[in-house]
Amino acid sequence: MSYEFLPHTADVKIRAKGPDLESVFMESAHALREAICGETRVSAVAGRTIEVEGCDTHALLYNFLEEFLYLLDAESFLLSRVTSLRIGKDLLAAEIEGDSAAKYEFSNSVKAVTYNDMKIEQSGDGWIAEFVLDV
Amino acid sequence: MSDEIHLEKVSEVEWEIPMSGRMVVPARIFASERLLKDMKEDRCLEQSRNMATLRGAVKYVIALSDAHQGYGFPIGGVAAFGQDGVVSPGGVGYDINCGVRMLSTGIAVKDFMAKRSEVLREIFRTIPSGVGKGGREYSRDEIRHVMERGSEWAVERGLGTREDLDRTEEGGRMREADPRDVSERALDRGLPQLGTLGSGNHFLEVQSVDRILNPAVCARFGLDQRYVNLMIHCGSRGLGHQVASDYIKLMEREFGTADLPDRELVNAPIGSDEANRYISAMNCAVNFAFCNRQMIMHQVRQVLGKFFPGARVSLVYDVCHNVAKFENHEVDGRKMRLCVHRKGATRSFGPGRPEVPACYRDIGQPVIIPGSMGTASYVLAGTVKAGEMTFGSTAHGAGRVESRTQARRQITAEDVMRDLKRAGVEVSAFSKKGLVEEAPGVYKDIDEVVRVSHEAGIGSLVARLKPLAVMKG
């Protein structure tokens, strides 16, 4: 697993790691999925493409992660995994797979992504991202 | 951590962070020594100091006895701004109008206990809570009407009574609420969730009166040791969360965050277009949450009516915990109209205030303070002193001490169920993870939190309640 949950009293703090920026974004989404539905295994039944804009990498990460909360609430779509991801100038596109949330028993307490303590930076041979979810 | 922050003792339950650096007012902390120790464990004192740097803050900013670290403002934080001040979404929170309503039922405790399991099962079956398992489907126009009219929308459809509206803060409807200020994305998120309980720290609880602390006021609030009560705790769901996010982003774009000690204090000047639109959108989310709680109460009435025909289920009161409102307050002899931000804080208006429903105006509003799942809850009465000291505010609940990750490491769902069972509480929960993260031990001591409110004079104790059955989303 390329992410971990860090201590934080009221909310959920995540640190994701990867060899490059794209993979760290992907792992961030997988961490968010675990924050949403725990260790429930979600089948990769349906695929889709998502695109988000952002004026910098922090905004891109914020909007990328928020998209999963949107899909969950608005379309009852629960993420299984991100299969590919491309970051361009102010734009991110990703291929994702997931399933209908109604098929799973879980209780989502994640309300929002926040900019609290957000970090995206190179570390050693790779990249890390840290962010806090409001729960 | 917040150890280096200098505090001056004002009384046994009040401390002050004096003005220094960029603070424009001091910060007043309501806490006992014990609760203060908890507060020093996270950044809430530092956040209180940061709150006090915001332009136009009046008198002092406040951290109440259950305060803990939040987004920008601490949860359990109150700040009021004059016309030259600001509006800040972090001062309201993501779960706009997370709040609680309390019902009296006239159902005898022993009668309820005899049918407890079936009633809980039926409530769990009837009230949608899990993700993707919403109830009825609503149209976008219906949601817009809900955002405009709040609880009134529900009552007009036969999902409540006019008395319910009288006994809801703001009559269940904020007036300046234009659905055009709410994004389509927020509407998308709210659409499948109207009438649902949600999860996290949201729950529905059946309770009995454990201790009467003010017999006369108990009687006036309709609280009686013979009968069960019910609390419904939830907010504006994904709609409110998206409104908060949208406007945080908008304000960052328009005003930036460079001059703020903390990016999360992003704000807009009162009177600016962005501030007005945020307030309007926030009010829409407030109305959505009021309507939500009204609809859930209606379902509860149906279920209770099935098992206990003739039961008279009444609303005691409904209060907001996360909101910003324009209110009249007197500060050092001057009458002012202030934008009061209450984030994880409850309004606590005393006798005489016109905002308090006529039926309670001579005694002060009910202040409903749910404990965390399975622990004691309290009802207090608002006070005149709260108006003088905290812009009419008091604590909202117990506040967390332990993170969810810690909880998951140390506690199992079986532990929680067993402890609750031992305490005589039956639980219906949608997920084990949700149960564990909300275990009673991860919250502060609610008895101490309300004792401080009482001693400070910002909320006077009326009754202590204990849980009999809990439904968690």
| Does B:Val119 satisfy being out of contact with any Phe, Trp or Tyr (no Cβ under 6 Å at 6 or more places or on another chain) and outside any loop (DSSP other than H, G, I, E, B)? | no
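One line per residue, one yes/no per condition, for (1) of a type in the set (Ser, Thr, Tyr); (2) within 14 Å of another protein chain (Cβ to nearest Cβ):
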residue	(1), (2)
B:Ser20	yes, no
B:Ile29	no, no
B:Lys40	no, yes
B:Tyr60	yes, no
B:Leu64	no, no
| Restricted to the range B:268-295, and to residues that are assigned to a loop (DSSP other than H, G, I, E, B) and small (Gly, Ala, Ser), which residue is surrounded by the fewest Cβ atoms within 10 Å (Cβ to Cβ)? | B:Gly271
| Which numbered condition trips up B:Pro128, out of (1) within 14 Å of chain A (Cβ to nearest Cβ); (2) within 30 Å of B:Val425 (Cβ to Cβ); (3) surrounded by fewer than 17 Cβ atoms within 10 Å (Cβ to Cβ)? | (3)
| said: Against the definition (open to solvent by 10 Å² or more (accessible area, probe 1.4 Å) and not hydrophobic (A, V, I, L, M, F, W, C)), how does B:Arg180 come out, yes or no? | reply: yes
| Matching entry among B:Asp42, B:Asp66 (being farther than 23 Å from B:Val286 by Cβ and either touching a strand residue (DSSP E or B) at 6+ places or on another chain (Cβ under 7 Å) or open to solvent by less than 10 Å² (accessible area, probe 1.4 Å) (or both)) | B:Asp42
| said: Any residue at all in the range B:196-214 that's at positive phi and either open to solvent by 40 Å² or more (accessible area, probe 1.4 Å) or in a loop (DSSP other than H, G, I, E, B) (or both)? | reply: yes
| message | Suppose we filter the range A:54-74 for residues that are charged (D, E, K, R) and at pLDDT below 95; how many remain? | response | 2
| task | Could you list all residues from the range B:222-266 that are open to solvent by less than 30 Å² (accessible area, probe 1.4 Å) and away from chain A (no Cβ under 14 Å)? | result | B:Leu223, B:Val228, B:Asn229, B:Leu230, B:Met231, B:Ile232
| request: Please determine, by comparing only the residues of the range A:71-107 that are buried (at least 22 other Cβ atoms within 10 Å of the Cβ) and free of Cβ contacts under 8 Å to residues at least 12 places away in the same chain, which one is farthest from A:Asp56 (Cα to Cα). | output: A:Ser107
| task | Scan the range B:356-399 residue by residue and report those that are open to solvent by 30 Å² or more (accessible area, probe 1.4 Å), assigned to a loop (DSSP other than H, G, I, E, B) and in contact with a Gly (Cβ under 9 Å, 6 or more places away or on another chain). | result | B:Arg361, B:Asp362, B:Ile363, B:His396
| query | Yes or no: B:Leu187 open to solvent by less than 10 Å² (accessible area, probe 1.4 Å), within 11 Å of B:Asn292 (Cα to Cα) and either in contact (Cβ under 8 Å) with a residue 40 or more places away in the chain or basic (Lys, Arg) (or both)? | reply | no
| note | Expected output for the range A:43-66 (first residue under 13 Å from A:Tyr115 (Cα atoms) and touching a residue at least 40 places away in the same chain (Cβ under 8 Å), partner part of a strand (DSSP E or B) and open to solvent by 30 Å² or more (accessible area, probe 1.4 Å), Cβ below 8 Å, 6+ apart or cross-chain) is A:Thr57/A:Ile87
| request: Residues being within 12 Å of chain B (Cβ to nearest Cβ) and under 12 Å from the mean Cα position of the chain (by Cα): count how many of those fall in the range A:44-67. | output: 5
| said: Go through the range A:87-135 and report how many residues are of a type in the set (Gly, Ala, Ser) and away from chain B (no Cβ under 13 Å). | reply: 7
| request: Tell me, yes or no, whether the range B:185-195 has at least one residue that is over 23 Å from the mean Cα position of the chain (by Cα) and not β-branched (Val, Ile, Thr). | output: yes
| message | I'm trying to understand the selection: among the residues of the range B:13-35, which are surrounded by fewer than 21 Cβ atoms within 10 Å (Cβ to Cβ), out of contact with any helix residue (DSSP H, G or I) (no Cβ under 7 Å at 6 or more places or on another chain) and within 20 Å of B:Glu455 (Cα to Cα)? | response | B:Glu16, B:Glu33
| task | Sort out which residues of the range A:108-132 are open to solvent by 10 Å² or more (accessible area, probe 1.4 Å) and closer than 15 Å to B:Asp262 by Cα, and write them in order of number. | result | A:Tyr115, A:Asp117, A:Met118, A:Lys119
| Among (1) part of a helix (DSSP H, G or I); (2) crowded, with 23+ Cβ neighbours inside 10 Å - the single one B:Glu148 does not satisfy | (2)
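The values are calculated or read from the model by the stated rules, or taken from the named source; none is laboratory data. Here the structure is a predicted model, which is why all the values come from computation and not from measurement. Positions of Cβ are generated from backbone atoms using ideal geometry, with glycine treated the same way; all protein chains shown enter the neighbour counts. The area values use the complete protein model at the heavy-atom level, side chains included, leaving out ligands, DNA and RNA. Shrake-Rupley method; radii C 1.70, N 1.55, O 1.52, S 1.80 Å.
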